[in-house]
Amino acid sequence: MGMFSKDHEKHSDQDVSDGFEPTNDIQEGMLSDNADDLQRHLANRQIQLIAIGGSIGTALFVTIGQGLYWGGAASLLLAYLIQSCMLALINNSIAEMTIAYPVSGGFVRLAGKWVDDALGFMLGWNFFLYEALLIPFEITALNLIISFWSPSITEPGPTAGICIGVIILYAAINILAVRAYGEAEFWLSGGKVILIFSLFFFTFITMVGGNPKGDAYGFRHWTNGQAFRARYEAGGDLGRFEGFLSALWSAAFTVVGPEYISMVAAEAKRPRIYIKTAFKTVYFRFGLFFIGGALAVGIVVGSRDPELTKVVLGGKGSGTGAASPYVIAMSNLNIKIFPHIVNALLMTSIFSAGNTYTYAAVRSLYGLALEGRAPGFLTYCTKNGVPIWCFCVVMCFPFLSLLQVGKGSAVVLTWLVALITAGGLIDYIGMAITYIRFHAACKAQGLDRRTLPYYGYFQPYGAWIGLIWFTVIVVFYGYTSFRPAFSVTGFFQNYIMQILDPLLFIGWKLLKKTKWRNAYEVDLVWERPTIDAYEATFLDPPVGFWTEMLQLVGIKRTKGGNDKRQGSITN
């Protein structure tokens, strides 16, 4: 039945954790990291940088300008504040489950195991398509950023060359062992952090007069009706509310994070400790990077800036690297050198985001295959723990970026953003549903959640609030396709995922005759013994983030490396 009673929990803890005795296999270094073939090689410093910057890319630096244009500075800030708070509730939910059960496939497999196999099937393919389509989106945006230095980059030949070059780099990084991906993301995400703080300093210094014009513009762009913009010409309160909704859709696309930590949990050293820290940093990132970024953008650029208007509505200059509101602001202030530095860092930031999406797409497809929701041959991994056939499938998607060669970057970006946004929101709905069922199972089977490695407060109310919020957004996200007149193209752009996902759920349910899992029958043991046994093999206390950072420059290095285990030494 899979019931997890208190006696069962106590028995499991004694057998696996408290009274753990290393077997010969463990002494020989043969204890499996997972119940499958993925290997736990991501170190603490890599995980924390992935958590901080792994999902920050084009949206925060470039496409955020659309939310500013349609909504105004105050609407943008309010939208990012509310969206961050709502996603924090989802983060609180997925953190409790993932830290206790850091399994391959992350939240997708949790949904299929604890709610309904059909839900796991739907979320798995939704997340896979979401991540896979984000890859060409980032490549297209990268091409725009490079065109800042030479508009000729947007011509078919150079565009195709850049696309192919980026695809080769993504392939080279992700075909190697997971530690190669982790190391690449560590440095690339570090560049993102430098970029974000540089832009914050730029905002503060220039707004108080530290610019070539000597213009202490302060909050000028919040005055004279610029704070709350009306979406349509009619204006009024309704128009301003619709402007806020436009800013909210921008926030819905930009503010992300917990899903990526859930995906890397299966390849993290000491997941109960390092992944727990990573989830906690999400709250900090929401507050500083996303909310702070929305505030900074609304300060440095006016919502009706001529260059921003060209970018949003199309026209001369709309296909250049000056699409970033920050670069527009620097140009307006006659700042000559800094835009080039920022643009270079934007390149690394966007490249990093695409690299993360490639990794997440591969791992989500692998998780689907493990549960029989994708062809079985996709479960094959190399000796380095890379799902090679999943990798091959995913690497077909970046070639969609070549569509911009014929149709133009703006058209490709518009379609990809519309298709992608709804998919990400549906993932959060699935996480909330999974947690609500997990909470019910713990209550029914007598499992005290306070004994878990991470305890989420205000539950299950937080999950219910998140569920309602993201469901409402998914339903009304594409309302603009109905006004001022119905648009068939706009409708399918905004609602294709909302149509596809229910079909996936119903189709799999009818095909496999799956059932909604009873709270008393949910398996709350699952892979916990394997993970407990793995963590029990470590000899030394966990290594802190700053200790690992010092070790990079030769300080506080330990003989044999960090995270030594019984019978073997991990790198």
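The values are calculated or read from the model by the stated rules, or taken from the named source; none is laboratory data. These numbers come from a predicted model, not from an experiment. Here the Cβ is made from the backbone with ideal geometry for all residues, glycine too, and neighbour counts use every protein chain on show. Just so you know, the surface numbers come from the protein's heavy atoms only, side chains and all, with ligands and any DNA or RNA stripped out. Shrake-Rupley method; radii C 1.70, N 1.55, O 1.52, S 1.80 Å.
Has the range 140-151 got at least one residue that is hydroxyl-bearing (S, T, Y), open to solvent by 10 Å² or more (accessible area, probe 1.4 Å) and modelled with pLDDT under 80? Yes; the residues of the range 140-151 include at least one that is hydroxyl-bearing (S, T, Y), open to solvent by 10 Å² or more (accessible area, probe 1.4 Å) and modelled with pLDDT under 80.
None of T471, T480 is of a type in the set (S, T, N, Q) and modelled with pLDDT of 90 or more except T471. Here I168 fits the description: modelled with pLDDT of 80 or more, under 19 Å from Y357 (Cα atoms) and surrounded by fewer than 20 Cβ atoms within 10 Å (Cβ to Cβ).
Output the residue which, of all residues in the range 424-452 that are charged (D, E, K, R) and open to solvent by less than 30 Å² (accessible area, probe 1.4 Å), is farthest from the chain's Cα centre (by Cα). Looking at the filtered set, the residue picked out is R449.
Taking the conditions (1) small (G, A, S); (2) under 28 Å from W70 (Cβ atoms); (3) modelled with pLDDT of 85 or more in turn, G209 satisfies each one other than (2). If you go through the range 488-529 and keep only what is of a type outside the set (D, E, K, R) and on the phi > 0 side of the Ramachandran plot, you end up with just W526.
Look at I261 and say whether it is part of a helix (DSSP H, G or I), touching a Pro at 6+ places or on another chain (Cβ under 8 Å), surrounded by 19 or more Cβ atoms within 10 Å (Cβ to Cβ) and among the aliphatic types (A, V, I, L, M). In short, no. The numbered conditions (1) in contact (Cβ under 8 Å) with a residue 60 or more places away in the chain; (2) in a helix (DSSP H, G or I) are all true for P102 except (2). Which of the residues spanning the range 222-258 are open to solvent by 30 Å² or more (accessible area, probe 1.4 Å), modelled with pLDDT of 85 or more and charged (D, E, K, R)? Correct list: R240 only. Taking the numbered list (1) surrounded by 14 or more Cβ atoms within 10 Å (Cβ to Cβ); (2) more than 30 Å from N384 (Cβ to Cβ); (3) in contact with a helix residue (DSSP H, G or I) (Cβ under 8 Å, 6 or more places away or on another chain) in turn, G210 passes all entries but (3).
Within the range 320-328, does at least one residue satisfy the condition of being in contact with a helix residue (DSSP H, G or I) (Cβ under 8 Å, 6 or more places away or on another chain), open to solvent by less than 10 Å² (accessible area, probe 1.4 Å) and over 28 Å from I50 (Cβ atoms)? There is at least one residue in the range 320-328 that is in contact with a helix residue (DSSP H, G or I) (Cβ under 8 Å, 6 or more places away or on another chain), open to solvent by less than 10 Å² (accessible area, probe 1.4 Å) and over 28 Å from I50 (Cβ atoms).
Of all residue pairs spaced 6 or more apart or on separate chains, those with beta-carbon atoms under 8 Å, a first member in the range 383-407 that is more than 26 Å from I162 (Cβ to Cβ) and open to solvent by less than 50 Å² (accessible area, probe 1.4 Å) and a second member that is aromatic (F, W, Y) and assigned to a helix (DSSP H, G or I) are P387/Y366.
Of all residues in the range 511-543, those satisfying the criterion of being out of contact with any helix residue (DSSP H, G or I) (no Cβ under 7 Å at 6 or more places or on another chain), within 22 Å of P453 (Cα to Cα) and either outside any helix (DSSP H, G or I) or at pLDDT below 75 (or both) are E527, F538, L539, D540, P541. Is there any pair linking a residue in the range 61-85 that is assigned to a helix (DSSP H, G or I) to one that is crowded, with 24+ Cβ neighbours inside 10 Å and basic (K, R), with Cβ under 7 Å and at least six apart or on different chains, and which? From the range 61-85, the pairs are W70/R229; G71/R229; S75/R229. Please indicate, with yes or no, whether at least one residue in the range 181-195 is touching a helix residue (DSSP H, G or I) at 6+ places or on another chain (Cβ under 8 Å), closer than 17 Å to Y326 by Cβ and open to solvent by 30 Å² or more (accessible area, probe 1.4 Å). The answer is yes, given that some residue of the range 181-195 is touching a helix residue (DSSP H, G or I) at 6+ places or on another chain (Cβ under 8 Å), closer than 17 Å to Y326 by Cβ and open to solvent by 30 Å² or more (accessible area, probe 1.4 Å). Among residues of the range 444-501 being of a type in the set (S, T, Y) and in a helix (DSSP H, G or I), the one that is farthest from Y130 (Cα to Cα) is T451. The criterion of at least 3 residues that are touching a Pro at 6+ places or on another chain (Cβ under 6 Å) is met, among helices (runs of 4 or more DSSP H) falling completely within the range 264-369, by 271-285.
Only one of the listed residues (F279, F351, F289, F284) is open to solvent by 10 Å² or more (accessible area, probe 1.4 Å), at pLDDT 85 or above and of a type in the set (F, W, Y). That residue is F351.
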